[in-house]
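Data block below; observations after.
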Amino acid sequence: MGKRAEAVSIIGGADGPTSVFIVGKGKDRRSIRQRMQAYFYRRKKDRIKKSIIANPHTLEETIAYIREVYHATESPRKSYNFKEQRNCLRESLILAHKPELLGDLARIELPGIEDEGAVREYLDQCRLRSERVRTLGEEEFPLDFHLFEIPVSSSGRIEVMIESRWEKFGVSYNANSGDKKLKKQLKNMYQEIYLYYGVSEEDIKNRSERYSSLVMALSM
């Protein structure tokens, strides 16, 4: 192995797969444990990718599904949470598809963290950009945004974000307690909703954003 290798860790043996981790003097400064975790995570993702089959549903079908199965309710459009999530999505979509609406604020360079003054200026520019997005009229960049909530007991909640014009879909969950059983329930529901939305053959072939989101959700 040469002089560069400092240590070797062998995982597994006759009864299972064997993996060899070499800790060298290269740029990778992760610990053996961190490398092991990354390795097994990649293997898990590879298995998940092979298991995914095409079974897509439309956003409208997915809304009907979460209403019927999980009794999801739509968040009030005047609520703080709705407005914040909508504004964040709108800003990211404008940056991706119509940055000219933001002028110079569309190009804000991230400074080095050691320059405190530059960091403050960067954050100020980000705030100005967000304010600029809020002043843009609906006719300049319209959205069809919906936010659904699924309460799970008194301590857990799932949110499903849907934007129909740009076909954006996202699920998140939050547990306000350390209850492991609740967290597992939320995770299972989260993954099931992503699975129902699903992917098409084209998504799988092109490794689309929709496909990547599903793989990430199932890899958690």
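The values are calculated or read from the model by the stated rules, or taken from the named source; none is laboratory data. What you see is a predicted model; the values in this text were computed from it and never measured. Counting neighbours? That spans all protein chains shown, and the Cβs are built from the backbone with ideal geometry, glycine included. Accessible surface is based on the protein model in full, side chains and every heavy atom, while ligands, DNA and RNA are left aside. Shrake-Rupley method; radii C 1.70, N 1.55, O 1.52, S 1.80 Å.
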Would you say S208 is of a type outside the set (D, E, K, R) and either loosely packed, with under 15 Cβ neighbours inside 10 Å or touching a helix residue (DSSP H, G or I) at 6+ places or on another chain (Cβ under 6 Å) (or both)?
yes
Candidate set from the stretch 190-205 (those that are among the β-branched types (V, I, T) and crowded, with 20+ Cβ neighbours inside 10 Å); member that is nearest to the chain's Cα centre (by Cα)
I193
Name the one entry in R35, R42, R29, R4 that is modelled with pLDDT of 50 or more and either in a loop (DSSP other than H, G, I, E, B) or over 31 Å from the mean Cα position of the chain (by Cα) (or both).
R29
It is to be established whether one or more residues within the stretch 112-125 are of a type in the set (K, R), part of a helix (DSSP H, G or I) and modelled with pLDDT of 95 or more.
no
Just name the residue that is least open to solvent (accessible area, probe 1.4 Å) out of those in the stretch 108-158 that are of a type in the set (D, E, K, R) and closer than 30 Å to S177 by Cβ.
E149
